[in-house]
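K.L.:
Input: one structure, supplied below.
The values are calculated or read from the model by the stated rules, or taken from the named source; none is laboratory data. Source: prediction; values computed, not measured. Backbone-built Cβ (ideal geometry, glycine too); neighbour counts: all protein chains shown. Heads up: the accessible areas ignore ligands, DNA and RNA and are worked out on the full protein's heavy atoms, side chains in. Shrake-Rupley method; radii C 1.70, N 1.55, O 1.52, S 1.80 Å.
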Amino acid sequence: MVRLYRGEALDFIFGGDEADQKVKAVFGKKSRYTNVLGLCKSASLKEIEAQGWSLNPGRYVGVAPGETVSDEDFKAELHALNDDLETLNAQGRELEKTIAVNVAEILDT
């Protein structure tokens, strides 16, 4: 979106034709930047100031039409994300231990 906003050529090295098609579907064949509800918005300094200088995109882009999430769906998604976070935290603690052992070995030699 930044390249569109700046008027620069788009780069599809990682997304390829699929990304190109999605951009054209959202922004049109000429792919000019425009604010898209639920996706992107060019906020003014006054809008950013009104949000306490927060640059959290969710404060500006809004929710795309037709996007609704029930409380049950939200809770299920949050539960799944929390499970993933716990797993990643456990893996992080194990990596910290491994790193500590490796550093201790290096320092002792």
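K.L.:
Mind counting the residues in segment 22-40 that are open to solvent by less than 60 Å² (accessible area, probe 1.4 Å) and part of a loop (DSSP other than H, G, I, E, B)?
P.N.:
Filtering segment 22-40 for residues open to solvent by less than 60 Å² (accessible area, probe 1.4 Å) gives 23, 27-28, 31, 33, 36, 38, 40.
Narrowing further to those that are part of a loop (DSSP other than H, G, I, E, B): 28, 31, 33, 38.
Final tally of qualifying residues: 4.
K.L.:
Take A19 and decide whether it is open to solvent by less than 100 Å² (accessible area, probe 1.4 Å) and not in a helix (DSSP H, G or I).
P.N.:
On the way: open to solvent by less than 100 Å² (accessible area, probe 1.4 Å): yes; not in a helix (DSSP H, G or I): no.
Here the answer is no, as A19 does not meet what is asked.
K.L.:
Which residues, counting only those in segment 64-89, are open to solvent by 90 Å² or more (accessible area, probe 1.4 Å) and in a loop (DSSP other than H, G, I, E, B)?
P.N.:
Residues satisfying the conditions are P65, E67, T68, V69.
K.L.:
Mind checking which residues of segment 41-53 are outside any loop (DSSP other than H, G, I, E, B) and open to solvent by less than 80 Å² (accessible area, probe 1.4 Å)?
P.N.:
Start the filter on segment 41-53 by keeping residues that are outside any loop (DSSP other than H, G, I, E, B), which leaves 45-50.
Scanning segment 41-53 gives E47, I48.
K.L.:
Of the residues that sit in segment 1-11 and are within 22 Å of P57 (Cβ to Cβ) and outside any helix (DSSP H, G or I), which one is modelled with the lowest pLDDT? So that I can check it myself, show each step before the final result.
P.N.:
Taking segment 1-11 and keeping what is within 22 Å of P57 (Cβ to Cβ), we get 1-8, 10-11.
The next check asks that each one be outside any helix (DSSP H, G or I); those that pass are 1, 7-8, 10-11.
On the way: M1: 75, G7: 88, E8: 89, L10: 88, D11: 88.
So, considering only residues that are within 22 Å of P57 (Cβ to Cβ) and outside any helix (DSSP H, G or I), the one modelled with the lowest pLDDT is M1.
K.L.:
Looking at N56 and the list (1) in a loop (DSSP other than H, G, I, E, B); (2) touching a residue at least 12 places away in the same chain (Cβ under 8 Å), which single condition is not satisfied?
P.N.:
Evaluating N56 over (1) in a loop (DSSP other than H, G, I, E, B); (2) touching a residue at least 12 places away in the same chain (Cβ under 8 Å) leaves (2) as the failure.
K.L.:
Out of curiosity, is K41 at pLDDT below 95, under 19 Å from the mean Cα position of the chain (by Cα) and not acidic (D, E)? Can you show your working first?
P.N.:
On the way: at pLDDT below 95: yes; under 19 Å from the mean Cα position of the chain (by Cα): yes; not acidic (D, E): yes.
Taking the combined requirement at face value, the residue satisfies it.
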